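One structure below.
The values are calculated or read from the model by the stated rules, or taken from the named source; none is laboratory data. Since the model is a prediction, treat every value here as computed from it, not as a measurement. For neighbour counting, all protein chains shown are included, and Cβ atoms are generated from backbone atoms with ideal geometry for every residue, glycine included. Each accessible area value is taken on the protein alone, full model and side chains, heavy atoms only, with ligands, DNA and RNA left out. Shrake-Rupley method; radii C 1.70, N 1.55, O 1.52, S 1.80 Å.
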Amino acid sequence: MNLLKQFGKYILMLSVVFSRPDRWRFFRKHTFLEIDQIGINSLPIVALMSTFMGAVIALQTASSMESPLLPDYTVGFITQSSTILEFSPTIISLILAGKVGSNVASEIGTKRVTEQIDALEIMGVNSLNFLVLPKITAALVFFPVLVIFSMALSMFGGWLALLVSNLTTTEIYILGIRSFFNPFHITYALTKTLVFGFLIVSISSFYGYYVKGGSLDVGKASTQAVVSSSVAILIANFILTQLMLLS
Amino acid sequence: MIEVKNLVKSFNGQKVLFDIDHVFEEGQVNLIIGQSGQGKSVLAKCIVGLYEADAGQILFDKRNFTDMDRTERSHIRQEIGMLFQGAALFDSMTVEQNIMFPLQMFTNMTKGEIQARADFCLDRVNLAGRNKLMPSECSGGMQKRVGIARAISMNPRYLFCDEPNSGLDPKTSIVIDKLIQDITKEYQITTVVITHDMNSVMEIGDHILFIHQGKKWWEGDRHSIINASNPEIESFVYASSFMKEIRTQLQKKAL
């Protein structure tokens, strides 16, 4: 019952968020700031994670290739498909749920407990639209960029690991990367990314905006935001896979 | 002028405000006083619409705020300035940007006009030249003054101050009180101050509303509160031994 009530409150929040901004100039300015905060600042962690994960995927695949019936390019192919289908859109989104989600919830939550949101409301500003819409827009614009960046680095990491370990040649790896490439998988991955980005920022904003109490409660809201966003990502991942790959 | 008619507010089925009827006069410093937890802040938050009242009416110069939708309320709110207990300055903005924010948001003033207005407001609260400071670099008293500057930047018709002296030393409190009083008289605005600071009551209380157990218990001015024969008011006004001593001395002198 409580979950249903919370979901209703979340939907009502979104209906206020998606209204016309009071001033487009402020909206544009804040969106660029959020792209920097949410997107650009996440580049280092995404780069680090993607390179090492790509390397590990390639090494694990190579180590399991005992059958002589499997062609050499299989390592490249598996690195490509697991990166595009699951690792970059889903795992990176789960990592961003931790980094961005906690950041968004604590930022908005702090504004709530220090009465900055009340100050906005008193001035006549639609605080939800003012605070949350630029964040959602920034996530929708920049999360796909992060995921494409992650895909490229992951495959680069795989290549580097195989080359250093002397397990394959560049030509064979690239042949594997290009084998059975399905462009629809990119569409699928980016669609998932957009949905995950929206879920992370909107759910985290929800927990931050409706926090009550003091700094301790902001911390709790931040944790709840990360947990809920992660669960929402996993559920959405299942539904989108069913809808896009199997129907 | 703000009129409150039969205002009722409950939280989780528990009544916090009972049929409050009151008029906050224009050009006067109207105080809402009472002990902690009696409903002062809830009353103020209902008036400005941060809490929805369960029943009753709130009229801003005869305009019924309770019946308005979000857009109509937004227009009224642009006539309201509010100083929060913790100043509630936007922490990512400088002092100057805090004051400019409502002007940029709601007016079509040019950059130069906005700058001039921000400078004027800062000068009005004796903070000229402190434009580029961040809120975290300001003392508590300075933050309150910036809060007042931001509140008056839009030339409000109504000014709300939620415990403006909390956390301030007595001397700075008097500076803030005088500032609120001067601005009220100068611009003939309707000022509502929520406080439980007796110094403020005696310094600026033109019209006082005493709230007790969520009910309107007493109203009057700073002169009449001293002699009010109500036991709840007496225990509020003469809560400290120092005040009791003063009362005894005054009574002795009178005899």
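So the values come out like this:
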{"read-out": "Residue count for the stretch A:15-46, restricted to those that are in a helix (DSSP H, G or I) and more than 15 Å from residue A:104 (Cβ to Cβ)", "value": "14"}
{"read-out": "Residue selected from the stretch A:69-107 under the condition closer than 18 Å to residue A:223 by Cα, open to solvent by 10 Å² or more (accessible area, probe 1.4 Å) and not small (Gly, Ala, Ser), by the criterion farthest from the chain's Cα centre (by Cα)", "value": "A:107"}
{"read-out": "Condition met for residue A:110 (in a helix (DSSP H, G or I), open to solvent by 20 Å² or more (accessible area, probe 1.4 Å) and within 14 Å of chain B (Cβ to nearest Cβ))", "value": "yes"}
{"read-out": "Residue among A:140, A:163, A:175, A:146 that is touching a Leu at 6+ places or on another chain (Cβ under 8 Å), aliphatic (A, V, I, L, M), open to solvent by 30 Å² or more (accessible area, probe 1.4 Å) and over 30 Å from residue B:158 (Cβ atoms)", "value": "A:140"}
{"read-out": "Among the residues listed as A:220, A:192, the single one being among the basic types (Lys, Arg), within 19 Å of residue A:144 (Cα to Cα) and not in a loop (DSSP other than H, G, I, E, B)", "value": "A:192"}
{"read-out": "Selected residue [within 11 Å of another protein chain (Cβ to nearest Cβ) and either touching a residue at least 60 places away in the same chain (Cβ under 8 Å) or assigned to a helix (DSSP H, G or I) (or both)] from A:94, A:120, A:153", "value": "A:120"}
{"read-out": "Residue list for the stretch B:188-205, filter: open to solvent by 30 Å² or more (accessible area, probe 1.4 Å) and modelled with pLDDT of 90 or more", "value": "B:188"}
{"read-out": "Selection from the stretch B:172-186 of residues that are under 14 Å from the mean Cα position of the chain (by Cα) and among the aliphatic types (A, V, I, L, M)", "value": "B:176, B:179, B:180, B:183"}
{"read-out": "Qualifying helices (runs of 4 or more DSSP H) (wholly inside the stretch B:55-134; at least 1 residues being buried (at least 18 other Cβ atoms within 10 Å of the Cβ), away from chain A (no Cβ under 14 Å) and of a type in the set (Asp, Glu))", "value": "B:95-106"}
{"read-out": "Count of the stretch B:17-54 residues which are open to solvent by 50 Å² or more (accessible area, probe 1.4 Å) and touching a Ser or Thr at 6+ places or on another chain (Cβ under 9 Å)", "value": "6"}
{"read-out": "Filter result (of a type in the set (A, V, I, L, M, F, W, C) and either over 17 Å from the mean Cα position of the chain (by Cα) or farther than 26 Å from residue A:90 by Cβ (or both)) within the stretch A:210-244", "value": "A:211, A:216, A:218, A:221, A:243, A:244"}
{"read-out": "Cβ-Cβ under 7 Å pairs, at least 6 apart or on other chains, the stretch B:231-243 side closer than 12 Å to residue B:33 by Cα, far side open to solvent by 60 Å² or more (accessible area, probe 1.4 Å) and modelled with pLDDT under 85", "value": "none"}
{"read-out": "Residue selected from the stretch A:20-33 under the condition under 24 Å from the mean Cα position of the chain (by Cα) and open to solvent by less than 100 Å² (accessible area, probe 1.4 Å), by the criterion farthest from the other protein chains (Cβ to nearest Cβ)", "value": "A:31"}
